[in-house]
Amino acid sequence: MILVAVISAAGGYFAGQSMVPAVGMATQTVTVTQTVAAQIPLRPAFIYMGPVGDTGWTWNFDQARIQLEKEFGLTIPYSESVPYADGPRVATEYISKGYNIIMFNDAMEIWNPDLSLVTNNPNVYFLHAAGYVHNMTNLVAFYGKMYEPRYLNGIVAGLMTKTGKIGYVAAHPIPEVITGLNAFTLGVRSVNPTATVHVAFTHSWYDPPTEKAVAQSLIAIGCDILTQHADSAAVQLAAEDAGIYSLGYQSDMSKFAPHAYLTGAIWNWYPILSAEFHKIQSGTFKNEWIYPGLESGVVSVGPYNAIVPQSVKDKVATVQQAILAGTFQVFAGPISDRDGVVRIPAGHIPTDDEIWTGMLWVVPGVVGDIPPATGL
């Protein structure tokens with residue numbers, strides 16, 4: 001871009017505008033060449049694996065989409081409840097219409113296992129959640145250290161259970177889910193060493209009837225607090241119906257269970273997606289794995305119900321500050337699995353990759369089978 005500037009003898013500089021000189025002031029016109037990087041236009045489209053009304057995983061991504069529309073002055077189309085096998089077709093349709101950013105709210109490896117969609121569209125940026133980073137310049141993978149608020153939720157459950165039995169309705173038995181289960185259980189046992197966390201799997205991310213049925217089965221064996229790694233509010237409704245406590249996941253689900261809901265573990269995808277949009281726009285986008293913790297605002301502890309004692313909130317606040325200060329690590333060794341096998345040796349703090357990809361074992365205190373993953 002060429003800018004024409006007027007420079008006075010006194011050194012005044014007014015880029016791109018004319019100036020009427022004062023009497024006796026000499027002026028000269030100088031052509032200044034200034035390189036201004038052209039912004040890459042943003043044409044994003046979002047592809048969701050679930051319905052936007054799930055109040056959970058997909059709903060959170062759609063809230064981020066709405067915020068991005070406001071920030072960047074965009075209209076961002078989306079497709080919801082897209083079967084995994086249909087994802088590449090839906091993405092290709094968007095790309096054929098000129099969309100240059102495709103956001104999948106689940107792992108690209110599930111939507112498109114050979115990643116051909118990415119390699120065949122080098123001028124399109126792909127953002128995918130809960131997946132893995134690959135050496136592709138137009139791909140970013142992201143998630144967050146949800147295990148940190150899970151641990152803090154575990155403290156609440158451990159301090160407020162009366163039976164010492166807590167139920168955990170989980171989706172799929174994969175590292176992403178088991179990491180949260182382990183962190184929650186470690187939090188429970190840090191304040192209540194004899195308490196147990198009873199896990200049962202739905203083998204689905206979003207299946208409200210099954211989620212509620214599994215929750216009811218956990219209540220039937222004496223669990224007096226429930227939590228979940230599932231997308232709907234069905235577990236919260238089951239707890240409310242049974243007159244017990246619950247801890248939510250994904251979003252603030254207190255409106256579904258005003259008497260049961262104690263707090264929860266909350267996602268906010270906007271900070272990550274906004275940052276990536278800015279990188280794309282400025283030409284600084286890079287292939288990377290993004291895995292922030294509590295400090296980022298991407299993951300957080302939800303608001304508290306008034307029935308949660310101040311002493312419980314104070315305990316959580318103390319541990320949260322230690323996490324933020326870096327003086328406490330949820331998975332710092334030594335940690336053994338429930339069979340007594342040392343999984344994280346003393347003095348070792350696992351890397352993000354070790355946590356994200358390797359946790360298929362469970363800690364002491366977890367009760368229930370860990371079956372092979374199915375239905376993904």
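The values are calculated or read from the model by the stated rules, or taken from the named source; none is laboratory data. Treat the numbers as computed from the prediction; the structure is a model and nothing was measured. Counting neighbours? That spans all protein chains shown, and the Cβs are built from the backbone with ideal geometry, glycine included.
Residue-wise test of (1) outside any loop (DSSP other than H, G, I, E, B); (2) at pLDDT below 50; (3) surrounded by fewer than 15 Cβ atoms within 10 Å (Cβ to Cβ); (4) in contact with a helix residue (DSSP H, G or I) (Cβ under 8 Å, 6 or more places away or on another chain).
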site: Ser18; (1), (2), (3), (4): no, yes, yes, no
site: Thr31; (1), (2), (3), (4): yes, yes, yes, no
site: Ala38; (1), (2), (3), (4): no, no, yes, no
site: Thr75; (1), (2), (3), (4): no, no, yes, yes
site: Ala85; (1), (2), (3), (4): yes, no, yes, no
site: Tyr94; (1), (2), (3), (4): yes, no, no, no
* Structure fact -> Ser81 meets each of (1) of a type in the set (S, T, N, Q); (2) closer than 25 Å to Gly144 by Cα; (3) crowded, with 16+ Cβ neighbours inside 10 Å with one exception, condition (3)
* Go through region 229-244 and count every residue that is touching a Ser or Thr at 6+ places or on another chain (Cβ under 8 Å) and not in a helix (DSSP H, G or I). => 4
* Structure fact -> Residues of region 313-339 being of a type in the set (D, E, K, R), surrounded by 12 or more Cβ atoms within 10 Å (Cβ to Cβ) and either assigned by TED's automatic domain parsing to the domain that holds Val133 or without any contact (Cβ under 8 Å) to a residue 40 or more places away in the chain (or both), in sequence order, are Lys313, Asp337, Arg338
* To do: Give just the number: which of (1) crowded, with 20+ Cβ neighbours inside 10 Å; (2) within 16 Å of Val235 (Cβ to Cβ); (3) over 21 Å from the mean Cα position of the chain (by Cα) does Ala213 not satisfy?
  => (1)
* Top-ranked residue in region 282-312 [being under 11 Å from the mean Cα position of the chain (by Cα) and not in a helix (DSSP H, G or I); ranked as surrounded by the most Cβ atoms within 10 Å (Cβ to Cβ)] -> Val298
* Asked: Can you name the condition, by its number, that Val342 falls short on among (1) among the β-branched types (Val, Ile, Thr); (2) in contact (Cβ under 8 Å) with a residue 12 or more places away in the chain; (3) farther than 13 Å from Thr263 by Cβ?
  -> (2)
* Somewhere in region 272-279, is a residue free of Cβ contacts under 8 Å to residues at least 40 places away in the same chain, outside any strand (DSSP E or B), within 28 Å of His172 (Cα to Cα) and touching a Lys or Arg at 6+ places or on another chain (Cβ under 9 Å)? -> no
* **Residue satisfying all of: in region 98-157; more than 30 Å from Gln321 (Cα to Cα) and of a type in the set (Ser, Thr, Tyr); surrounded by the most Cβ atoms within 10 Å (Cβ to Cβ) among these** => Tyr125
* **Contacts under 6 angstrom Cβ, first residue in region 115-135 being closer than 13 Å to Pro44 by Cα, partner acidic (Asp, Glu) and surrounded by 13 or more Cβ atoms within 10 Å (Cβ to Cβ), 6 or more apart** => Leu127/Glu276
